[in-house]
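The values are calculated or read from the model by the stated rules, or taken from the named source; none is laboratory data. Keep in mind the model is a prediction, meaning the values are calculated, not measured. Note that we place each Cβ from the backbone using ideal geometry, even for glycine, and neighbour counts take in every protein chain shown.
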Amino acid sequence: MAWHERAVGKVYTAPEIELKLAENLPRWELLDGFLCRNYRTAGWKGTLMVVNAVGHLAEVAWHHPELQVTYAAVAVKLQTHIANGITDRDLELARKIEEVLMWQPAARPDSALEGTPDDPRFRYFIYD
């Protein structure tokens, strides 16, 4: 077994990936061998915030996603390139990205944080 096979672990098949997405990441999809998710923002400021958050998570995970950045959206594509497929590394990073970007403190009744006001002047991210 080559070093990279030990390092990346199991490469999942398309049916295995679809099942994992349905169970844990319903807004993500498998497209052309990548885990993909589009995040909508309210404009350039929100887009840059998403890019920086994903960049931070990817860097500390030592993973390198592909990002497509436009004025009001960020498309995230994950694949373990050395394995030429989807591994636990991709699934775990997708879960962390989803957790961080979709977090809303005001949605939790026990949170002391109020969250961004529901006012278009302050909105930078579009939650789905």
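Before moving on, here are some points about what is shown:
Rundown of residues vs (1) out of contact with any Asp or Glu (no Cβ under 8 Å at 6 or more places or on another chain); (2) under 30 Å from residue 116 (Cα atoms); (3) not basic (Lys, Arg), yes/no style:
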position	(1), (2), (3)
33	yes, no, yes
47	yes, yes, yes
63	no, yes, yes
72	yes, yes, yes
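- Considering the stretch 5-27, the residues that are aliphatic (A, V, I, L, M) and modelled with pLDDT under 95 include one that is surrounded by the fewest Cβ atoms within 10 Å (Cβ to Cβ), namely 7.
- Residue among 93, 101, 57 that alone is aliphatic (A, V, I, L, M) and over 24 Å from residue 9 (Cα atoms): 101
- Summed over the stretch 89-113, residues that are touching a Leu at 6+ places or on another chain (Cβ under 8 Å) and either buried (at least 18 other Cβ atoms within 10 Å of the Cβ) or aromatic (Phe, Trp, Tyr) (or both) total 6.
- Tabulated pairs, the stretch 103-128, first part of a loop (DSSP other than H, G, I, E, B), second of a type in the set (A, V, I, L, M, F, W, C), C-beta under 6 angstrom, 6+ apart or interchain: 114/106; 115/106; 116/122; 123/42; 124/42
- Failed item in (1) surrounded by 12 or more Cβ atoms within 10 Å (Cβ to Cβ); (2) among the small types (Gly, Ala, Ser); (3) at pLDDT below 95; (4) closer than 30 Å to residue 123 by Cβ, with residue 53 passing the rest: (3)
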